[in-house]
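Student: Pasting in a structure now, in structure tokens, and then I'll have a few things to ask.
The values are calculated or read from the model by the stated rules, or taken from the named source; none is laboratory data. Small disclaimer: the values here were computed from a predicted structure and weren't measured. Cβ placement follows ideal geometry from the backbone for every residue including glycine, while neighbour counts extend to all protein chains displayed. Heads up: the accessible areas ignore ligands, DNA and RNA and are worked out on the full protein's heavy atoms, side chains in. Shrake-Rupley method; radii C 1.70, N 1.55, O 1.52, S 1.80 Å.
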Amino acid sequence: MCLAIPGKLLSVAPDANGIIMGKANFGGIVKEVCLQYTPDAVPGEYVLVHVGFALGKVDEAEASRTFQLLEEMGQLEELGPPEPPPGFDAPAEPIPT
């Protein structure tokens, strides 16, 4: 099943190639999204995002209802950072770059 998740736009700016990009907040997790399909979206509005592309806009009430349902279904964990595999030990010191 494919889902589009509502995110609140925090910023909008073109990237180095002129593609309209934005930062969206998904319940406390901020991710970069492509806004080429929703070029009229502005910070403060909610967009529906699927695989990094904003496909449309929704109002705050609809975004809230969607987040509540996804939370009840346990589907919001996918937005967070991945869990390390079992038995993974992080290095004691940072890896030099």
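Student: Per residue, how much accessible surface does the range 1-46 expose to a 1.4 Å probe? Answer in Å², no decimals.
Tutor: 59
Student: For the range 1-60, give the magnitude of the charge dipole about the Cα centre (Cβ charges: +1 Lys/Arg, -1 Asp/Glu; no others), in debye to the nearest 20.
Tutor: 140
Student: Could you work out how much longer the chain between Gln75 and Ile29 gets when fully extended? Use 0.36 nm per residue separation minus the Cα distance between them, nm to one decimal.
Tutor: Length difference between fully extended and current span is 15.2 nm.
Student: Of the chymotrypsin sites (Phe, Trp or Tyr not before Pro) in the range 1-54, which ones lie in a loop per DSSP and count no more than 15 other C-beta atoms within 10 Å?
Tutor: In loop regions of the range 1-54 (DSSP not H, G, I, E or B), the sparsely surrounded chymotrypsin sites (Phe, Trp or Tyr not before Pro) are Tyr37.
Student: Let me ask you something else. Run the simple label-point estimate for Glu60 and Gln36 please: 7 Å along Cα→C-beta, distance reported in nm.
Tutor: 3.2
Student: Could you check how much of the accessible area of the range 1-40 is carbon and sulfur, as a whole percent, using a 1.4 Å probe?
Tutor: Its accessible area is 56 percent carbon and sulfur atoms.
Student: Additional query: What figure, in Å² to the nearest 10, do you get for the accessible area of Glu62 with a 1.4 Å probe and non-protein molecules left out?
Tutor: 70
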